[in-house]
Amino acid sequence: MAVDELDTRILRLLLEQPRTSVREYARILGVARGTLQARLDRLERDGVITGTGPTLSPAALGHPVLAFVHIEVTQGHLDDVGAELAAVPEIVEAFSITGGGDLLTRLVARDNAHLEDVIQKLISLPGVVRTRTEVALRERVPHRLLPLLESVGRASARG
């Protein structure tokens with residue numbers, strides 16, 4: 001989906017000022033409210049905007065330990081294991097991957113003992129052959145999309 005200069009400006013505002021009203025976005029951008037709403041609707045329909053909820057902190061919810069767990073799965077059981085992972089509340093993301101392992105999960109825990117309990121739960125799932133865990137020590141680059149958006153916007157402006 002092509003994102004033009006106005007789309008880029010809209011998306012930048014959404015990232016920088018997520019709690020602002022559509023009317024205020026339109027005023028800031030100097031466009032009609034209907035134009036802005038139509039753009040937002042299209043960006044949602046095309047899958048560029050995938051959510052509007054708040055970003056939550058697992059650490060503030062009592063789960064400060066962040067780990068990445070690689071899971072090797074018995075051949076033919078990827079979908080089954082994926083469905084089982086969805087039932088583990090500490091898993092905040094899971095991806096099918098290439099390379100060392102079949103799945104990569106991002107999970108959170110209250111402490112190291114809780115992390116071990118969650119890993120033991122994963123190991124016991126039918127179809128799981130083995131796991132490899134890496135514990136994050138410190139976040140160096142927080143989740144962000146603004147630099148990517150700016151790069152896409154520059155490219156569309158050069159057109």
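The values are calculated or read from the model by the stated rules, or taken from the named source; none is laboratory data. Computed from a predicted structure; not experimentally measured. Because the Cβ atoms are built from the backbone with ideal geometry, glycine has one as well, and the counts that use them run over all protein chains shown. Side chains are part of the model used for accessible areas, which takes the heavy atoms of the whole protein and leaves out ligands, DNA and RNA. Shrake-Rupley method; radii C 1.70, N 1.55, O 1.52, S 1.80 Å.
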Test: residue in segment 32-41 that is of a type in the set (Val, Ile, Thr), assigned to a loop (DSSP other than H, G, I, E, B) and touching a helix residue (DSSP H, G or I) at 6+ places or on another chain (Cβ under 9 Å): no
Residues located in segment 67-93, provided they are in a strand (DSSP E or B), open to solvent by 50 Å² or more (accessible area, probe 1.4 Å) and closer than 13 Å to residue 118 by Cβ: 68, 92
Cβ-Cβ under 6 Å pairs, at least 6 apart or on other chains, segment 1-27 side charged (D, E, K, R), far side part of a helix (DSSP H, G or I) and exposed (fewer than 11 other Cβ atoms within 10 Å of the Cβ): 5/157
Considering residues of segment 129-159 that are over 24 Å from the mean Cα position of the chain (by Cα) and not in a helix (DSSP H, G or I) only, the residue farthest from residue 17 (Cα to Cα): 129
The lone exception for residue 144 - which of (1) buried (at least 18 other Cβ atoms within 10 Å of the Cβ); (2) within 30 Å of residue 4 (Cβ to Cβ) it fails: (1)
Qualifying residue in segment 43-65 (condition: assigned to a helix (DSSP H, G or I) and either farther than 30 Å from residue 153 by Cα or open to solvent by 60 Å² or more (accessible area, probe 1.4 Å) (or both)): yes
Test: residue 3 is open to solvent by less than 30 Å² (accessible area, probe 1.4 Å), within 30 Å of residue 126 (Cα to Cα) and of a type in the set (A, V, I, L, M, F, W, C): no
Filtered residues of segment 94-109 (kept if hydroxyl-bearing (Ser, Thr, Tyr) and assigned to a strand (DSSP E or B)): 96, 105
Scope segment 110-128; condition part of a loop (DSSP other than H, G, I, E, B) and within 21 Å of residue 59 (Cα to Cα); matching residues: 110, 111
Residues satisfying the stated conditions in segment 94-106, i.e. closer than 16 Å to residue 73 by Cβ, surrounded by 15 or more Cβ atoms within 10 Å (Cβ to Cβ) and at pLDDT 95 or above: 94, 102, 103, 104, 105
